[in-house]
Ligand SMILES: Nc1ncnc2c1ncn2[C@@H]1O[C@H](COP(=O)(O)OP(=O)(O)OP(=O)(O)O)[C@@H](O)[C@H]1O
Ligand SMILES: [Mg+2]
């Protein structure tokens, strides 16, 4: 049984002056898949995410989500179709509680559908936010100020904010960056749990994480797809070893 293609790019390209940051990238991600994108610094991973999320427009190429072409759509329109991105740059309101941060995200999303306009909307939004916090392991910290969370907990709160929109496709840019080994292990478990009900694309540098969570891996190098395959295939790929894995990662 082969699942349908959820996200597809065709010769996706982004130039910055003479630099081609993303260079004719063809990628197909299937429904329910956990895909990792790896590659050295400057390979074009974050730019690729920005093109998908509508944060930045491609200079050439096309993007499809389900059967719909989304090339050039503004970010809010892409988000409404069910694509959420968890940012490297923090998205958190430090002076709100952990719960309020997620509640605001739940309601901000719901307003687009005029879904919470009933009087009990606030309670429902709170209940949903609490459920999401439990999913990411922050249930016990709901009443704390976001500013008081540890770095790893803040990253989990960002995940909770991304989940508030109940996305079909979740894009995570370096979800374990700056985490201790223990926090990294927790995050691996968390991402696997999230991936059970949706499609996830992760940019990640830590090979241990990549090899443990991915169904398939795409390797970018100088904006181009160098290789794609299962973790075993990527580990055994000579070109990948030479240009990336060989660097002692
Ligand atoms: N807004 C921009 N203006 C000009 N150049 C940019 C811009 N954004 C990215 N670049 C350049 O495009 C290339 C790809 O950058 P990108 O951030 O996508 O790489 P990356 O693979 O995410 O790297 P890292 O692993 O360090 O996060 C780099 O050479 C970067 O300097
Ligand atoms: Mg990046």
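How big is the convex hull of the Cα atoms of the range 45-92, per residue, in Å³?
Spread over its residues, the Cα hull of the range 45-92 gives 81 Å³ apiece.
Counting only Cα, what are the radius of gyration and maximum Cα-Cα distance Dmax of the chain, in Å?
18.3, 61
Counting every Cα pair in the range 111-235, what percent are over 24 Å apart?
On the way: 2880 of 7750 pairs.
The answer is 37 percent, as a whole percent.
Can you give the calculated 222 nm mean residue ellipticity of the chain, where each DSSP H run of n ≥ 4 adds -39,500 (n - 2.57) and the sum is split over every residue, rounded to the nearest 500 deg cm²/dmol? Spell out each step's value before the answer.
Values: 9 runs with 91 residues, N = 249.
Calculated mean residue ellipticity at 222 nm is -11000 deg cm²/dmol.
What is the diffusion coefficient of the range 159-198 in µm²/s, taking the Kirkwood radius over Cα pairs and the Stokes-Einstein relation at 25 °C with a viscosity of 0.890 mPa s?
Values: Rh = 10.9 Å.
Rounded to a whole number, D works out at 226 µm²/s.
Taking only Cα atoms and a 10 Å spring cutoff, compute GNM fluctuations for the chain and point out the largest among 139, 72, 17.
Per the Cα network of the chain with a 10 Å cutoff, 17 tops the list.
Counting pairs of Cα atoms in the range 183-233, how many percent are more than 16 Å apart? Present the calculation step by step, with values, prior to reporting the outcome.
Numbers: 538 of 1275 pairs.
Cα-Cα pairs of the range 183-233 separated by over 16 Å account for 42 percent.
Each reported figure results from applying straightforward, stated rules to the coordinates on display, with no laboratory input. A quick note: this is a predicted structure, and the numbers were derived from the prediction, not measured.
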